[in-house]
C-alpha cells in the first residue's frame, strides 16, 4: 500500500477542548478527560467505542499509561511517540494505518497540560531539559531554551533576507486580530506593531510579544475509518461533517538548532512536500492554514518551507495584514499559540481549528467556503515537523 492509498481513508469525527487559558482547581489529567469526553460525544460515540489511543506529554515518559487508566480504556492500538509540539499531528499517520489494518475502529488523540496554573517556570523547564535531554553543543553556553534557539533563527533570517522587526511583529498582530474574533482565546486585548516592538526584550531580536503564551489547556479529536464515518453521518441526523485526512507527513532533520544545515530552512520543507504529494494538492489549493507559532519567526519559516511563498519572502508576505483577517491567506484563525492557547505543546489545537473551520463552526472568524485546511506542527527547537492536510467529502 502506498501513502496515496491512505488519502481520505480516515476522518476526524469529533473534537473537543477544555481548560483553555487558566484551569484553576484542575490538574492536567482532569482537563484532558474533559476534552476527551467532549470529542467523543461530538463524534456521537461513548468511551466504550474508543479502542485506539494516541497521547504524550513533556511531563512524563509514560503518559499513555495513566491516560488509559483514567479514561477507563482498553485500547488495541496505542501510540505515545513524543516529538514535542508536532506529536499530535504526527500521531495521524500511525492512527490511520491502525484503522486501515483493522487494529482498531476509533482512535482518541488527546493532550492536556496546566502549565499556567501548575508549578511551571520557563527557567525550571530549561534547567530540567539540560538534565534529561542534554545537547552537547549548546548547553555549555547556558542558553535559555527554547527561546534562544528561535531568536538565533530570527537573527539569521533578518541578516540573510533583510527581514525586519516590523515584519516579525506583524505575525503577532495578525494572531491577535484573529484572537479578537475568538471568544475562547486567552488574550484578546488590542495589540499594535509598536506594542510588539516596545515590549520587554527577552532574547534579541525577540520581545515577549514575539513569544507564545504560557497557558493551561487540553484538546482531543477522534479518528475513524472514512467509510464508517460516512455511514454514521448518514444514519445520524445531527451528526457533524466528517473531515478527511488527505495528506500527512513528518520529518526530523536535527535536535539541536546548532545542528541545522541552514538556520532558515526547516524539515517542514520535507514534511510539507510529502503531505502535498499524498493529498495530490498544492499550497494554492489551501483555504485556511494553521502554523505552530511558538515564536513569530516560525510563521515566516513555515510559510516559506511549505511553499506559500518563496524562501526569504515570508516577511513581505505577512506585512500589512497579509495573514490577518481580510488578508491574502487566513493563518492561525483561532489566534494561534501567540494569542489563543499554548499549554506547552500546541499542535493538537491546530487540528481542532482546522476541523472547526471546515465544518463551518468558527463564528466571526469563519473563513468563507473553506474546503481545504492545512495544519503544521513543530517540536523542539525547529526540530520535528509534521504537516497535515484536511478536506471535506467533495475534496476526496
- Note on the structure: Taking Cα atoms only, helix 165-179 is inclined relative to the longest principal axis of the chain by an angle, in degrees rounded to 10, of 30 degrees
- Query: If you line up the long axis of helix 226-235 against the longest principal axis of the chain, both from Cα atoms, how many degrees apart are they, to the nearest 10?
  - Reply: 60 degrees
- Query: By how many nm would the segment from residue 159 to residue 235 lengthen if fully extended, with 0.36 nm per residue of separation less the alpha-carbon distance?
  - Reply: 21.6 nm
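For a Förster distance of 35 Å, can you work out the FRET efficiency between the beta-carbons of residue 394 and residue 76, rounded to the nearest 0.05?
So, using R0 = 35 Å, E works out to roughly 0.60.
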- Query: For the chain, modelled as a Gaussian network with Cα springs under 10 Å, which listed residue fluctuates most, 84, 112, 321?
  - Reply: 321
- Relative frequency of Cα-Cα separations exceeding 18 Å in the stretch 216-285, percent: 62 percent
- Task: Rank the residues 292, 70 as a footprinting-exposure proxy: fewest other Cβ atoms within 10 Å of their Cβ go first.
- Result: 70, 292
- Item | Span per principal axis, largest first, for the Cα atoms of the stretch 56-191 (Å) | 52, 43, 33
- Using a Gaussian network model of the chain with C-alpha springs under 10 Å, which one of 82, 47, 345 is most mobile by mean-square fluctuation? 47
- Which value in Å does the Kirkwood hydrodynamic radius of the stretch 126-264 take, with 1/r averaged over all unlike C-alpha pairs and then inverted? 19.0 Å
- Query: If all Cα-Cα distances of the chain are sorted into 10 Å bins from 0 onward, what percent lands in each bin, rounded to whole numbers?
  - Reply: 5, 25, 36, 25, 8, 1, 0
- Item | Descending semi-axes in whole angstrom, ellipsoid equivalent of the stretch 1-91, from the Cα gyration tensor | 23, 17, 14
- Query: What's the FRET efficiency of residue 133 with residue 258 using the Cβ-Cβ distance as r and R₀ = 22 Å, to the nearest 0.05?
  - Reply: 0.95
- The rounded separation in angstrom of the Cα centers of the stretch 31-107 and the stretch 300-331 is 33 Å
- In Å³ per residue, the alpha-carbon convex hull of the stretch 251-373 encloses 113 Å³
- Please give the contour-minus-distance gain from residue 141 to residue 277: 0.36 nm per residue of separation, less the Cα-Cα distance, rounded to one decimal in nm. 44.9 nm
- Item | Ranked list, fewest to most other Cβ atoms within 10 Å of each Cβ, for 42, 210 | 42, 210
- Query: What nm distance separates the two modelled labels at residue 200 and residue 68, each placed 7 Å from Cα along Cα→Cβ?
  - Reply: 4.3 nm
- Item | Calculated over the stretch 1-52: convex hull of Cα atoms, volume per residue (Å³) | 119 Å³
- Quarter of the surface of the C-alpha convex hull for the stretch 274-325, i.e. direction-averaged projected area in nm², equals 3.9 nm²
- Highest-MSF residue in the chain out of 378, 182, 248 [GNM, Cα springs under 10 Å]: 182
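When Rg is the radius of gyration of the Cα atoms in the stretch 132-193 and Rh is its Kirkwood radius, what does Rg/Rh come to?
Result for the stretch 132-193 is an Rg/Rh of 1.13.
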- Helix 347-358 axis, angle to the chain major axis (alpha carbon atoms, nearest 10°): 60 degrees
- With only helices counted (DSSP H, runs n ≥ 4, each -39500 (n - 2.57)), the per-residue ellipticity at 222 nm for the chain, to the nearest 500, works out to -10000 deg cm²/dmol
- Could you calculate, for the stretch 289-356, the ratio of the Cα radius of gyration to the Kirkwood radius, expressed as Rg to Rh? 0.95
- Ascending count of other beta-carbon atoms within 10 Å, so fewest first, for 63, 178, 253: 253, 63, 178
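Each value in this text was obtained by applying a stated rule to the coordinates, not by laboratory testing. Given the structure is predicted, the values throughout are model-derived calculations rather than measurements. Glycine gets a Cβ as well: all are built from the backbone with ideal geometry, and neighbour counts include every protein chain shown.
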